[in-house]
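Participant: Next up is a structure, given as structure tokens.
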Amino acid sequence: MNLNVNNTNYEVNVPSEMPLLWVLRDVLGLTGTKFGCGVGTCGSCVVLSGNEAIRSCSTPVSDCADKKIVTIEGLSNDMTHPLQIAWMQVGVPQCGYCQSGQIMSAAALLMTIPKPTDEDIDREMSSNICRCGTYNKIREAIHIAAIG
Amino acid sequence: MKENNNNSTNFARREFILGISATSAGVLIGLVNPFSGTAKLFAGDEKKFLEFIPNIWLEVKKDNTIVVTCSYSELGQGARTTTPIIIADEMDAEWEMVKVVQALADTKYDSQSTAGSTSGRSSLNTLRQAGATARTMLITAAAQTWGIAESACKAQLGYIIETAGSRKLSFGELVDKAATLPVPNANQVKQKDPKDFIYMTKGKHPIDTADIITGKAKYGIDAIVPGMKYAAVAMPPAIGASVSTYDDTQTKAIPGVIKTIKFSNYIAVIADNTYAAFMGVEALKVNWNMGSNANLNSAQITKSLTDKIGTLPSLPTNTAKTIEAQYSVPYLAHAPMEPMNCTVHLQGSKCEVWVSTQNSQGVQSTVASAVGLSSANVIVHTNLSGGAFGRRNGTDDAQKAAQVAKQAGVPIQLVYSRKDDIRNGYYRPASIHALKAGLDASGKITGWIHKGVFAGSPGVSSPSYSIPNIQNLNDSGITVIPTGAWRSVSASQVVFANESFIDELAIAAGIDPLDFRLSIAGTRIKTVLNELKLRSDWTKPLPKGSGRGVAVFSGWSGYAGHVVEVTIDSAGKIKVDRVIAVCDVGFAINPIAIESQMMGNVIDGLSTALIAEITIDKGIAVQSGYSSYKWLRIGDSPKMEIYILQSGGFTSGVGELGFPTVSPALCNAIYNACGIRVRSLPISHTPLVTDVEDKENFSNELSLYPNPFTDELNIRIGSDDGSPTFLNIEIHDILGSTVFQRSFAGNLSGGIIHKLNLNELASGVYFVNLSAGNKIFKGRAIKK
């Protein structure tokens, strides 16, 4: 099947039920999208499908055939996405493992709510766990990105 | 700012340099101990040096970059940022000159164990000396070049400048000269006055941030080796179970599965990708020898702990009032975001390993022993760790990956599932703490007895105050469930008990809990308490239903405390409004990293106090993922204020310092808010309401039974409204998060019974909202 990831078309020969996460990581070598739980509870694997944040660990690759998938590697070519700029400015990460999922979830949030309130952020980002506890810095960075 | 952290690149580059030196008749001076090293010489055509290497920690290159080697693991605590900060500060380098590379596992760095909050404080002096040595040699090189005294030169932002003149040479320009100089003895090297530090004072954001936010950062699980296959494992269904026989017919039918390999207590499935490996494990039919723990459960473990409490000794005779209380805490899993994993490439007499670990030298010896090589032939690349919290001291993932790679004959990346991670790791032990103390007629403490019984190694320690007649008594109950270090180790349990009990003593003595602590605290704890008092507006009254609690503690050479503010609503839901954290770290190496560690400690402290626990049934953890082993989400993260005090004279650890006082400060705040003393964690088990009937908040028409319930909860509505409607059931936890939701068509008449299967929910107190149109029925149920 054909898969469009970060504006590149890939022809992948995998079982249709294989979750997008493992196609990205193990087949295409795009390891920026992370495996955290495998069952859609932690948000480490979030990527964009069009304007929508999806959990790639629980999305069969066949669901993505006619979609434009964007991963952390494709968010911008040169680290100029407002969220990346804000993440640099605030210095959000600790271990950093969950952050690509956090950023991709935040990217989807800003596409639907360009100027989110704290409540919007808390609601829309509630499915992304950060074990290091960077939540307050994530909130701060999303506000900065929304203004910028 | 930083070099690609893919260690294999760095390794190849080193080999390349060594290769050239061996074939170009150059002189290569080996690096034997950290401070006897000197340049790698290249006596080729130009008789020039490529780099100046005064010691194993840094190299200065002609292009003016300084490559700093980080010997400790990066777990999110900031080792890869703090290491170059120290060296750049001592060298007077420009920050942008600095790149960091990760050291391979190697005893030349001494211990690389990144545990016990040691990486910053134990390396500080060594790294300062390394940087100061380099600066001294660059100054000598400039002085010799200009024919002036060294005292007439100084280092400044990447240059050596003539103090009284205008001449200057960049570090890069001085490489040729500096590389020929002998490394000075330690007593000839003067470290900077701490007041002149520029990077340590303000700190730096994590050096890997840019890589992290572009997906380039390489964690253990991101290793890719040509020809690599993926492995997942069928883990024992009870601690101590072993494999008897198994049938892999269905596993082998899964596209991508290559083979299965049996080991004594697990079966590996090897596949073309991780997904096929995981599916292959699910499809295995295994007959396990269940072993001796197959019927073990939490109730038995708890009983083994309480049975050993016994009778506590007597208090001194001047005791006028005796106070006793018993506290308990559960097992905790680490659950780092990156599941345990390891990649092993065995190549005959050499083995290469990529891993996220706190214990790279431990991985080296574990793998060496598993594949039958000497440690010297095992090359361990320490990739970034996606969290650790003590879990990555263990090398069980590396051992399995090495065992599988040896049998499979191909490079193997072995990954645990989240379920494997939570059920088959090791835990912070559960423990029970019996405390007894006396107050004399004036409210002063006469004696303090603390007996702790642990489902693992015991570790009762004294509270951080001046208290007479302290007796710490330790014992262990059932210890067959594997336990090990978890952020702050035994302080995580002991300080909860100590700092809750101090609060109970203060209340018994009729003295404000913070003032009571001040009256028995030493100088540095007093400073922390006074800062907390000031920053929290401690004496300012809070609205009804809200409360403040305080706790303080000394450990890892530092001092810390928290004030937590909570609001308990009339239904018993809790909201943490604000957390004030104060730490005295002596001398701060990187305040930005300290702030992050303190924030992380607050989230860990609140999560473990409120909702997280591991319970055991049939010899294994009941929990299997983040929906049953719960952690705070962003909406639960309170306002935080972090104050870093620097009283000087020491450097403390910070990764664990800020954890132990969060849970007692929270429970003390709950007591202050509603008068309920929570002595058992997690708090979610304790209804935070005094009025159990609570007609105001809970509806008469709604019955929930059985209550408490085990797996199934029945809902009955005593209404006579038979009109069709949509019913919506939502269940919230004590933080107000929705943990269950179901909508269906129906009506409210006839006492409809809905049976909900809630076996996925963790034990604790839950709030049930049933809405139909504009009618809302509320109730509360407790899951056992």
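Participant: So for chain A, taking the charge dipole from beta-carbon charges (+1 Lys/Arg, -1 Asp/Glu), which of A:96, A:142, A:21 sits furthest toward the positive end?
Facilitator: Of the candidates, A:96 comes out farthest on the positive side.
Participant: Express in whole angstrom the spacing between the alpha-carbon centres of segment B:252-300 and segment B:88-131.
Facilitator: 41
Participant: Report, please, the projected area of chain A averaged over directions, based on the convex hull of its C-alpha atoms, in nm².
Facilitator: Mean shadow area of the hull around the Cα atoms is 8.0 nm².
Participant: Which of the aspartates and glutamates could a cross-linker bridge to residue B:419, judged by Cα under 13 Å and excluding same-chain residues fewer than eight apart?
Facilitator: Counting by Cα, and skipping residues close in sequence, residue B:419 has these aspartates and glutamates nearby: B:282, B:338.
Participant: Same structure, new question: Treat every Asp and Glu Cβ in the protein assembly as shown as -1 and every Lys and Arg Cβ as +1, leave all other atoms uncharged, and give the resulting dipole magnitude about the Cα centre to the nearest 20 debye.
Facilitator: 1160
Participant: Moving on. So the label point goes 7 Å from the Cα of residue B:778 along Cα→C-beta, right? Which residues of segment B:523-552 then have their backbone N under 19 Å from it?
Facilitator: Answer for this model: B:544-547.
Participant: If the viscosity is 1.002 mPa s and the temperature 20 °C, what Stokes-Einstein diffusion coefficient in µm²/s follows for the protein assembly as shown when Rh is the Kirkwood radius over Cα pairs?
Facilitator: 72
Participant: In chain B, once you exclude exposed GluC sites (Glu not before Pro) (DSSP loop, at most 14 other Cβ within 10 angstrom), what's the longest stretch remaining?
Facilitator: It runs B:47-692.
Participant: Order by neighbour count: A:8, B:126, B:214, fewest other Cβ atoms within 10 Å first, most last.
Facilitator: A:8, B:126, B:214
Participant: Could you state the per residue volume, in Å³, of the convex hull enclosing the Cα atoms of segment B:702-783?
Facilitator: Per residue, the Cα convex hull of segment B:702-783 comes to 77 Å³.
Participant: Relative to the compact-globule scaling 2.2 N^0.38 Å, provide the ratio for the alpha-carbon radius of gyration of segment A:2-72.
Facilitator: Normalised by 2.2 N^0.38 Å, the Cα Rg of segment A:2-72 equals 0.95.
Participant: What's the angle, to the nearest 10 degrees (0 to 90), between helix A:99-112's Cα axis and the longest principal axis of chain A?
Facilitator: 80
Participant: Which FRET efficiency, nearest 0.05, do residue B:442 and residue A:2 yield, Cβ-Cβ r, R0 60 Å?
Facilitator: Efficiency, from the Cβ-Cβ distance: 0.15.
Participant: Ok, one more. Provide the FRET efficiency to the nearest 0.05 for the residue A:17-residue B:186 pair, computing r from the beta carbons and using R0 = 60 Å.
Facilitator: So the FRET efficiency works out to roughly 0.40.
Participant: Between segment B:332-393 and segment B:568-596, what is the C-alpha centre distance in whole Å?
Facilitator: Each part reduced to its Cα centre gives a spacing of 33 Å.
Participant: So what are the radius of gyration and Dmax for the Cα set of segment A:82-147, in Å?
Facilitator: Just the Cα atoms of segment A:82-147 yield Rg and Dmax of 10.4, 28 Å.
Participant: Going 7 Å from the Cα of residue B:705 toward and past its Cβ, which residues in segment B:750-784 have a backbone nitrogen under 13 Å from where you end up?
Facilitator: B:751-754
Participant: Right, next: What's the average, rounded to a whole number, of partner chain beta-carbon atoms within 10 Å of each residue's beta-carbon in B:332-338?
Facilitator: Mean partner-chain Cβ count within 10 Å for B:332-338: 5.
Participant: Quick check: residue separation of residue B:168 and residue B:643 times 0.36 nm, minus the Cα distance between them. What number comes out in nm?
Facilitator: Going from the current span to full extension adds 167.0 nm.
Participant: Set Lys and Arg Cβ to +1 and Asp and Glu Cβ to -1, take the dipole of segment B:366-505 about its Cα centre, and tell me which of B:408, B:382, B:485 lies farthest positive.
Facilitator: My answer, from the dipole projection, is B:408.
Participant: While we're looking at this one, here's another question. Which pairs break 24 Å Cα to Cα here: B:229/B:406; B:204/B:526; B:168/B:190; B:61/B:154; B:618/B:783?
Facilitator: The answer is B:204/B:526.
Participant: Where the only charges are on Cβ atoms (+1 Lys, Arg; -1 Asp, Glu), what is the dipole of segment A:2-72 about its Cα centre, to the nearest 20 debye?
Facilitator: The calculation lands at about 220 debye.
Participant: Within segment B:171-213, what residues put their amide N at less than 15 Å from the label point 7 Å along the Cα-to-Cβ vector of residue B:152?
Facilitator: No residue passes the distance filter.
Participant: Using R₀ = 56 Å, calculate the FRET efficiency as 1/(1 + (r/R₀)^6) where r is the Cβ-Cβ separation of residue B:193 and residue A:77; round to 0.05.
Facilitator: That gives a FRET efficiency of 0.80.
Participant: Considering only B:502, B:67, B:225, whose Cα is most displaced toward the positive end of the charge dipole of the protein assembly as shown, charges sitting on Cβ of Lys, Arg (+1) and Asp, Glu (-1)?
Facilitator: Working it through, the farthest residue towards the positive pole turns out to be B:502.
Participant: Order the peptides B:532-538, B:545-551, B:129-135 from the highest to the lowest mean number of other Cβ atoms within 10 Å of their residues.
Facilitator: B:129-135, B:545-551, B:532-538
Participant: Please report, largest first and rounded to whole Å, the three semi-axes of the ellipsoid equivalent to chain B, where each semi-axis is the square root of five times an eigenvalue of the C-alpha gyration tensor.
Facilitator: Each semi-axis is the square root of five times an eigenvalue, giving 51, 36, 24 Å.
Participant: Of B:544/B:778; B:192/B:218; B:218/B:639, which sit over 29 Å apart, Cα to Cα?
Facilitator: From the list (B:544/B:778; B:192/B:218; B:218/B:639), the Cα-Cα distance tops 29 Å for B:192/B:218; B:218/B:639.
Participant: Sticking with this structure for a sec: Rounded to the nearest 20 debye, what is the charge dipole size of chain B about its Cα centre when +1 sits on each Lys and Arg Cβ and -1 on each Asp and Glu Cβ?
Facilitator: 580
Participant: On average, how much area does the Cα convex hull of segment B:496-556 cover when viewed from any direction, in nm²?
Facilitator: Average projection, Cα convex hull of segment B:496-556: 4.8 nm².
Participant: Sticking with this one: How many partner chain Cβ atoms sit within 10 Å of a residue's Cβ in peptide A:50-60, on average, as a whole number?
Facilitator: Partner Cβ neighbours, averaged per residue: 0.
FYI, it's all coordinate maths here, none of it is from the lab. Note that the structure is predicted; figures quoted are calculated from it, not measured. So basically every Cβ, Gly included, is an ideal-geometry build from the backbone, and we count neighbours across all protein chains shown.
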